[in-house]
Amino acid sequence: MKTGPLIAASAVFFFLWGVMPVTLASHGSIGTGSVIILLSLVSLAGSVQFLRAMRHESPRWFWGIPFAAVCTALALWTGITRWVVTVPDIANHVFLFLLPPAAALFFYSFPDDCRNGVRMPIAISALVSVLSLILAANAFCTLVPGTPVPGFVAVAAVLYTLLLMPLIGLLLIVTGVACR
């Protein structure tokens with residue numbers, strides 16, 4: 001298995017680390033939406049390459065399809081909101097919150113000889129998925145006017161964005177290197 005597609009597929013989890021420096025270095029001429037869609041496209045390309053390679057190596061390759069689907073939805077939605085219409089950015093957050101469950105399935109799609117080494121990433125992704133699904137449900141609830149937002153959600157969203165998303169991205173890279 002080549003590590004390149006896995007490293008590329010993990011790029012979307014580092015989007016904040018890539019977005020802020022690029023936007024600051026370009027003095028705002030390159031917007032955050034442009035960087036997010038670029039990283040989403042890289043992640044989509046990586047996950048599709050991974051699926052193509054796994055069709056021949058793993059009987060569970062189809063478990064990687066949700067990750068590619070979420071990356072596709074993230075890239076399309078970001079592109080639509082960036083260049084076509086101006087709409088609330090709730091759906092973008094929901095797609096970001098769906099990435100950990102999709103990543104857990106992505107890890108599960110690895111071949112048998114490599115799967116013993118990815119038990120810990122599957123468990124960590126599953127744990128992060130619990131928080132991310134709560135945040136996704138809260139994002140849906142904010143669409144209904146007058147819905148109270150629990151106080152812990154703001155803290156959890158920051159924790160998820162700054163620490164947990166990069167953690168899963170690092171797990172993807174480490175697993176890719178370990179399974180080569």
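The values are calculated or read from the model by the stated rules, or taken from the named source; none is laboratory data. Nothing here was measured: the structure is a model prediction, and the numbers come from that model. All Cβ positions, even for glycine, are placed from backbone atoms using ideal geometry, and neighbour counts span all protein chains on display. Remember, those area values only see protein heavy atoms, side chains included, never the ligands or the DNA or RNA. Shrake-Rupley method; radii C 1.70, N 1.55, O 1.52, S 1.80 Å.
For the reader, a short list of remarks on this structure follows.
- Helices (runs of 4 or more DSSP H) contained in the range 111-168 and holding at least 1 residues within 19 Å of Cys71 (Cα to Cα) and modelled with pLDDT of 75 or more: 119-141
- Residue among Thr81, Thr72 that is hydroxyl-bearing (Ser, Thr, Tyr), at pLDDT 80 or above and open to solvent by 20 Å² or more (accessible area, probe 1.4 Å): Thr72
- Pairing residues of the range 159-172 that are under 14 Å from Pro101 (Cβ atoms) with residues that are of a type in the set (A, V, I, L, M, F, W, C) and not in a helix (DSSP H, G or I), at Cβ distances under 9 Å and at least 6 apart in sequence or on separate chains, gives no pairs at all.
- For the range 22-60, a residue qualifies if it is among the polar types (S, T, N, Q), within 24 Å of Pro100 (Cβ to Cβ) and free of Cβ contacts under 8 Å to residues at least 24 places away in the same chain, and exactly one does: Thr32.
- The set of residues from the range 151-180 being open to solvent by 50 Å² or more (accessible area, probe 1.4 Å) and within 21 Å of Leu135 (Cα to Cα) comprises Gly151, Phe152, Ala154, Val155, Val158, Leu159, Leu162, Leu163, Leu167.
- In the range 29-41, the residues that are more than 20 Å from Phe95 (Cβ to Cβ) and open to solvent by less than 50 Å² (accessible area, probe 1.4 Å): none
- Members of the range 56-69 found to be exposed (fewer than 14 other Cβ atoms within 10 Å of the Cβ) and modelled with pLDDT of 85 or more, listed by number: Pro59, Phe62
- Qualifying residue in the range 86-97 (condition: part of a helix (DSSP H, G or I), out of contact with any strand residue (DSSP E or B) (no Cβ under 8 Å at 6 or more places or on another chain) and at pLDDT 80 or above): yes
- Of note, Leu44 satisfies the criterion of being open to solvent by 20 Å² or more (accessible area, probe 1.4 Å) and modelled with pLDDT of 80 or more.
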